[in-house]
Amino acid sequence: MVENAIYPAYLDADRSRSEGRRVPEGMAVETPEVDEIAQAVQQVGYDAVIERDVAYSREGHRKRGRVLVKNPEDDSKNDIVQATAAYVGALRD
């Protein structure tokens, strides 16, 4: 079983690709939170564990947390991030 981390910066519309955003601008959302990311991960069908006191290396010491995704099928991290971003966007509509 593979474990992947999803940081809020991966889905943040205020970040550029070089600042850590991993989804296209059209799929990115304003100030994503770990709670909604975890909810989206669970909607996609994976187990999610929230770690709140963690900082993404490209954001310095700003601790926005991360979501650990337990992936029994070994899907690619990019596929998981893309599917999660789509669900976060749908949750906000």
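Number of residues in the range 59-91 that are within 19 Å of ARG15 (Cα to Cα), loosely packed, with under 15 Cβ neighbours inside 10 Å and basic (Lys, Arg) equals 2.
Within this structure, THR31 passes the test of being on the phi > 0 side of the Ramachandran plot, within 14 Å of the chain's Cα centre (by Cα) and of a type outside the set (D, E, K, R). Reported count of residues in the range 1-26, each being under 12 Å from the mean Cα position of the chain (by Cα) and either closer than 22 Å to ASN71 by Cα or among the polar types (S, T, N, Q) (or both), is 12. Number of residues in the range 32-50 that are free of Cβ contacts under 8 Å to residues at least 40 places away in the same chain and either touching a strand residue (DSSP E or B) at 6+ places or on another chain (Cβ under 7 Å) or charged (D, E, K, R) (or both): the value is 10.
Counting residues in the range 30-40 that are over 17 Å from ASN4 (Cα atoms), among the polar types (S, T, N, Q), out of contact with any His (no Cβ under 8 Å at 6 or more places or on another chain) and surrounded by fewer than 16 Cβ atoms within 10 Å (Cβ to Cβ) gives one or more. If you filter the range 52-83 down to residues that are part of a loop (DSSP other than H, G, I, E, B) and of a type in the set (Gly, Ala, Ser), you find that the one that is farthest from MET1 (Cα to Cα) is GLY60.
Within the range 41-51, identify whether any single residue is within 13 Å of the chain's Cα centre (by Cα), among the charged types (D, E, K, R) and in a loop (DSSP other than H, G, I, E, B), and answer yes or no. For the range 41-51, residues within 13 Å of the chain's Cα centre (by Cα), among the charged types (D, E, K, R) and in a loop (DSSP other than H, G, I, E, B): absent.
Values in this text are rule-based calculations from the coordinates and carry no lab data. Computed from a prediction, not measured in an experiment: that's the story for all the values here. Heads up, the Cβs are rebuilt from the backbone with ideal geometry, glycines too, and the neighbour counts pull from every protein chain shown.
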